[in-house]
Each structure stands twice: as structure tokens, then as C-alpha cells.
Amino acid sequence: MPDSFDGTSKIWGGRFRQPPDPRFFAYGRSVEWDRRLAPQDIRGSLAHAASLHAAGIIDDAQARALREGLQALAQRLAAGEALAITAQDEDVHGAIERLLGPAGEYLHAGRSRNDQVALDFHLFCKESAQGLAGLAHGLQAALLAQAEALGEALCPGMTHLQEAQPVLFAHQIMAYFWMFERDRRRLLWAADQADRSPLGAGALAGAGLPLDTRATAKALGLSDVYPNSIDAVSDRDFALDLAYAASLCALHLSRLGEEIVLWASRPFDWIQLPDAFSSGSSMMPQKKNPDAAELLRGRAGRVVGRLVGLLMVLKGLPLAYVRDLQEDKEALFEIVDTLGDGLELTAAMLQAATFTPPGVAQGDLMLATELADYLVRQGVPFRQAHHLVGQAVRTAVERGGNFLALSREDWLAISSHFTSRALGELMDPLRAASRRAVEGGTAPARVREQISRAHAALGV
Ligand code: ARG
């Protein structure tokens, strides 16, 4: 709660006989977190001041005073100085207006905090979405580099977390690449959703001054204006679009985190995490734990929770500005920070990690589908082929779990198609993978093709 207090100095104080109750003021005060929007607020105000000047509402001297005041503030912030807020400041908009001194008194003509805050938030969401897309790009580049380094190394591909078919390790890594490619596209799309200026909507009905809102939007780097001033101040869809795009991306980080935890465990041993991204145990001296990957999994909840929270804030709101909308900012700040940190961390961790593909043994039971496919190519109906190979699996399991345990006679008793010549090829896991040669398959040639598509997608 602010320590000193003076209600009459509020920017809206004129019609009030009483200052706000300190409890209410503290409850509604947002400057402690919305000060983060100061750079956007200043840019918006610079554009608005220029628009007032162009419309002849303020004269040259007033316009210059505003411009110089705003630019000086922006420079101080850019140099790392904190916004000098006082206990009386309610939000960032009021604080900046106060800091401008007497010049600031002219600034708010033709504008409401309703369109002002909406503008700030559009700029923030657009820039944040672009920034996150850039960080996703960095993670994708790290995944791509690892996939390329893995060449034709094999590992078990799993379904139900049970060994299923041999795949290239690079193919597994690239599966994550494409998830993050979709995320990056979604984030860029979310940036487009925020690429519209609400300024000029005023409180809700549209500014009553002859402002060229398209010119102001353009000056701010925004491509469009809202066709409806009421929608302009009510809309937070663009924030939800970003929140959703970020949630899905956080979810993918969480899944990758789970994968890394699994792969780093002794029974797998598919990834060696760098020490710098691992933790030890306070009790067990031998431990090296994948805490970073676990936190990726754990933190996804924050992002998704904030998305759901914001959906709840918005679901019952009537038209135009209501104070509930103030809840949007902390939600997006947490989303943007959490996801940004996670993307950066994961890219760095993966860059420094070593993958140790386990390979797949000759005659491994994961070749069963290969054997069935072979029989199909010999004209056997698939259901019969499945059954016949099932018999071979049963015998192999009884003898230690590898097809090489079956004799020539065992094979021929199952099917006359299982000649030694055919089996020689069928027992080789890399050849098995090479036959998965449809577009998007794990055949080395297809994985190379996939990798060049990935380069094209990233523009590297
Ligand atoms: N702090 C407010 C927010 O973040 C700014 C807009 C206030 N507008 C108003 N009419 N009370 O939403």
C-alpha cells in the first residue's frame, strides 16, 4: 500500500469529494507491474502528440515540449534508469503524464487511457510475439544442428513407450523441430493479430478531434486501425492469440523436457546433459539430475494457467472498457517471460548436449514389421503375414528375444518365403529404416530431404 496519499491529485479527481480509500487504491494500483509498458506508452504518446500537432490542437512549442519531454524519458529508460514512480501514481499512464510536468497537461486531448492502454498492449504483444518467434528460431537451429550431426545413427522408435521400429535418431529430433516450426508460425500469426492500432477510439465512441488515426498507426509501425471504436477498446483477442500460441509452444517444451528426462536416465542413456545444465543431490554424491528439463515440464503449467485465467477474465465482460481488463497485463508478462526463458534455456542446453544413439541390433524384434512387409511383397495377405511373423516373435522371445536365435529350419517352417538370402537383408535395421521411404519417412534419404526443408523454413 502506498505510504502517503492524496486523492485530489488523481488524474480523474475533479468530481470526487473524497480521496480513494487506501485499500481500494492499493487494490487497483497497477503501476508496479504496468511500468513495464513505459517504452510502449512513450512511443504511443509521441505518435499521439504528433497527431495532435498535425490536427492543429497543440501549437509548435507545445508539440516540441512534449516531444522533448517524452524523448528524454525514453532515453533515461533506455539507459537503464527506473521509471520514477511515486506512491500517488496509479498506473504507468498517469506516472508518465506527471513526469512530463506542465507540458503533459496537453497530451491527453482526444485520448482515453482506454485506447492508450490498448495501444500499449498491442505494441507489447506484437513485439513479444516476434521476439518469441525469434527465440523459437534459435531453438530450431539447435535441434537442426544436432539432427545433422547424428547422420544415420539409429535408435528404437517407440509407441506406448515400447520399442516399435528402428528410426534415425535425427528423425526423432526433427519431430521436435517441426513442432517448434508450427509454434513459430503461430507466434508470427499472433504478432499479426496485434498489428492494429486502437488509438483514436478514445474512451469508446471515437475521438472528437480531427485526428488522422491511420497516420498515427503507421507512425507506430502498425498496419491497420480498428473499424469499430467500441471493439477497439474492448478487444483482447490478440492477447489471447499470443497466450495460446505461447501455451502450445510451452507444451512442446514440456514434452521435449519429459523426453530429455527419459533419455538422460540410465536405462536409456541417449543424451549426455552438460554439467552446466544439471544439478546434483544434497545427499547422494553420485547424482546428476536433469532439473532444467524437469523445470521446462513444470513451468508449462504457468503459461497454460495464465491463458485459462485470461479467458476467464474476458468471458463475461460487457462492451467497451471495464477495469477487469487490467488483469491482462500480468498474465501476458508471465507468459512471455516464462516461455522466452524456456526457449533460450532449451536452445543452449541442447547445443551443449551430446546425443548417444543406442543403435539397433541386427535381428532385433523391432524388425517384425519389416518381416511382415516382406511377406506382403511376396503376395501374402497382411493379416496372415502378421500372424506368421507373430509365431517367429514367439519363438525368438523364448530364446532370448532376437530373431537371430531362429534357425534356417525354424524360418522355413513358418514360411517358405523366409529364405536365408531374404533374411540376410531383413535382419539389418538400417536397411529396414531405408525402406521407410515415403515422404516424411525415416529413410536416410528422406531425412536428408527433411533437413533441407528445415533449412529453407529457417532461412539458414
Ligand atoms: N490501468 C488501466 C488498465 O491497465 C488503464 C486503463 C484505465 N482506464 C480506466 N478507465 N480506468 O487497464
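The values are calculated or read from the model by the stated rules, or taken from the named source; none is laboratory data. In this text, all values refer to a predicted model and were calculated from it rather than measured experimentally. All Cβ positions, even for glycine, are placed from backbone atoms using ideal geometry, and neighbour counts span all protein chains on display.
A Cβ distance below 6 Å, combined with a sequence gap of six or more or placement on separate chains, defines the contacts here; from region 15-35, residues that are basic (Lys, Arg) reach residues that are outside any helix (DSSP H, G or I) and within 12 Å of the ligand (Cβ to nearest atom) in the pairs Arg29/Glu90. Residue selection: Glu163 satisfies the criterion of being modelled with pLDDT of 95 or more, out of contact with any Asp or Glu (no Cβ under 6 Å at 6 or more places or on another chain) and either more than 30 Å from Pro358 (Cα to Cα) or more than 16 Å from the ligand (Cβ to nearest atom) (or both).
Gln62 meets all of the listed conditions (1) over 19 Å from Gly200 (Cα atoms); (2) at pLDDT below 95 but one, namely (2). In region 301-329, of all residues being farther than 21 Å from Asp120 by Cα and outside any helix (DSSP H, G or I), the one that is nearest to the ligand (Cβ to nearest atom) corresponds to Pro318.
The lone criterion from (1) within 11 Å of the ligand (Cβ to nearest atom); (2) touching a His at 6+ places or on another chain (Cβ under 9 Å) left unmet by Val92 is number (2).
Test Glu81 against the stated conditions and say whether it is away from the ligand (no atom under 16 Å from the Cβ), closer than 15 Å to Ile11 by Cβ and without any contact (Cβ under 8 Å) to a residue 24 or more places away in the chain.
no
In region 98-112, the qualifying residues are those that are buried (at least 20 other Cβ atoms within 10 Å of the Cβ) and touching a residue at least 60 places away in the same chain (Cβ under 8 Å), and the one that is nearest to the ligand (Cβ to nearest atom) is Arg111. Checked against the criterion of being away from the ligand (no atom under 15 Å from the Cβ), in contact (Cβ under 8 Å) with a residue 60 or more places away in the chain and surrounded by 17 or more Cβ atoms within 10 Å (Cβ to Cβ), the candidates Leu132, Leu119 yield just one match: Leu132. So which of Ala201, Ala239, Ala245 ends up being in a loop (DSSP other than H, G, I, E, B) and crowded, with 19+ Cβ neighbours inside 10 Å? Among Ala201, Ala239, Ala245, only Ala201 is in a loop (DSSP other than H, G, I, E, B) and crowded, with 19+ Cβ neighbours inside 10 Å.
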